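Undergrad: Have a look at this one before I ask anything.
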Amino acid sequence: MSVDNCDGNVSVPLRNLLNSVQCIRDRVRGKQDTRSIMKTVLALSTVYYWLPKSQGVCMRRQVRDATVEVLEGITQLLEVILSSPLQSLSQEQLTSTGSVWSACDRFTQLAKDNKSAVLVVLSSQIGVVKDALEEVEQAQDPFNDVLDDVDADEPRDNQDTYWSEKDRRVIGPCQGLMKASAACIRKLTSAVRANGDVTTAQNLSQLDDLADVVKEISPGVDDLALCLYPPMDYIVTLPHPPPTPPSLLAHTHTRHLMLTKLLRLYRSSHVCGESELTWVQFLNGAVDHNLQRARELIQQDRGAVCLQRL
């Protein structure tokens with residue numbers, strides 16, 4: 001069986017994968033000899049390579065990761081068996097066997113097509129963005145500030161542990177960019193679930209592109225959140241070229257570029273219907289507004305020279 005004769009149907013190679021995984025699980029559980037296990041492992045590896053790339057990169061990556069997890073578990077189990085005395089059953093062998101079983105069982109939860117695989121990616125990334133946003137919101141809670149019981153008229157000795165008034169003003173639009181990121185991924189998830197299609201190569205490619213951009217957004221949001229903790233670092237200066245732009249502005253500018261890219265890809269993809277155009281325009285405006293507001297607030301104290309570096 002080859003990629004060329006799959007005719008767009010990925011169910012057969014996936015079913016073969018599941019059959020191979022079940023054989024591995026049964027033979028490990030039945031304490032079969034390592035030769036029999038390795039024969040089935042070879043079959044598993046072969047079937048994975050039969051999966052057609054034309055069915056979507058996102059799904060193939062998830063199948064690849066699951067396959068590697070099974071193979072690594074088998075490798076660890078065999079190493080434990082080889083290092084154990086003959087006719088013995090150690091706790092380490094039982095633990096390694098359990099790891100192989102768990103890895104095999106997870107195959108039943110794999111996405112069956114690229115649309116489902118992309119939804120898995122989007123779901124995981126929205127969780128990262130929400131966590132970063134919640135951390136910043138909780139950090140601003142006055143009940144979380146151990147210095148709040150200090151008399152307001154008394155100077156604080158360690159100014160690195162709290163936000164200045166300027167910091168708090170700048171945090172607002174930065175949070176706005178983070179909220180826009182969460183909204184973009186959330187809306188995109190709903191659109192993919194409702195309109196996602198895997199019947200053409202173009203549509204499959206569009207789904208993969210959207211997933212790739214979203215995977216770049218979420219870690220960037222986390223980095224932006226870290227920049228908002230006191231003391232906020234507005235400018236980073238290196239003693240050698242090229243000149244480094246203000247770190248906080250650099251992060252907000254990058255978030256703006258990535259969100260704009262995601263919205264542009266979404267708008268031109270098959271998952272964007274007429275009913276979604278309104279919120280795409282709204283989010284574009286929100287992203288632009290928050291970036292401009294952040295730049296203006298930093299410019300008030302840092303000057304226009306810093307902004308010219310961007």
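Readers should treat all values here as calculations from the given coordinates under stated rules, not as data from a laboratory. Model, not experiment: these values are computed from the prediction. Methodologically, a virtual Cβ is constructed for each residue, glycine included, from the backbone with ideal geometry; neighbour enumeration extends over all protein chains shown.
Undergrad: Exceeding 23 Å between C-alpha atoms, which entries from my cross-link table qualify? They are Lys115/Lys261; Lys53/Lys115; Lys53/Lys215; Lys166/Lys261; Lys130/Lys215; Lys130/Lys166.
TA: Check vs 23 Å cut-off fails for Lys166/Lys261; Lys130/Lys166.
Undergrad: What FRET efficiency would be calculated for the residue pair Gln292, Val68, taking the C-beta separation as r and a Förster radius of 45 Å, to the nearest 0.05?
TA: Step by step, r from the Cβ atoms, then E = 0.50.
Undergrad: Within segment 174-209, report the trypsin sites (Lys or Arg not before Pro) that DSSP leaves as loop and that have at most 14 other Cβ atoms within 10 Å.
TA: In loop regions of segment 174-209 (DSSP not H, G, I, E or B), there are no sparsely surrounded trypsin sites (Lys or Arg not before Pro).
Undergrad: May I pose another question? What FRET efficiency comes out for Leu78 versus Asp197 if R0 is 45 angstrom and r is the Cβ-Cβ distance? Round to the nearest 0.05.
TA: Rounded to the nearest 0.05, the efficiency is 0.55.
Undergrad: Please work out whether segment 157-210 counts as rounded, prolate or oblate from its C-alpha gyration tensor, where a ≥ b ≥ c are the square roots of the eigenvalues and a/c under 1.5 means rounded, while otherwise a/b larger than b/c means prolate and anything else oblate?
TA: Cα axes put segment 157-210 in the prolate bin.
Undergrad: Can you figure out the FRET efficiency of Arg186 with Glu165, using R₀ = 41 Å and their beta-carbon distance, to the nearest 0.05?
TA: 0.80
Undergrad: How do Leu44, Leu188 line up, fewest other C-beta atoms within 10 Å first?
TA: Least to most surrounded, the residues fall as Leu44, Leu188.
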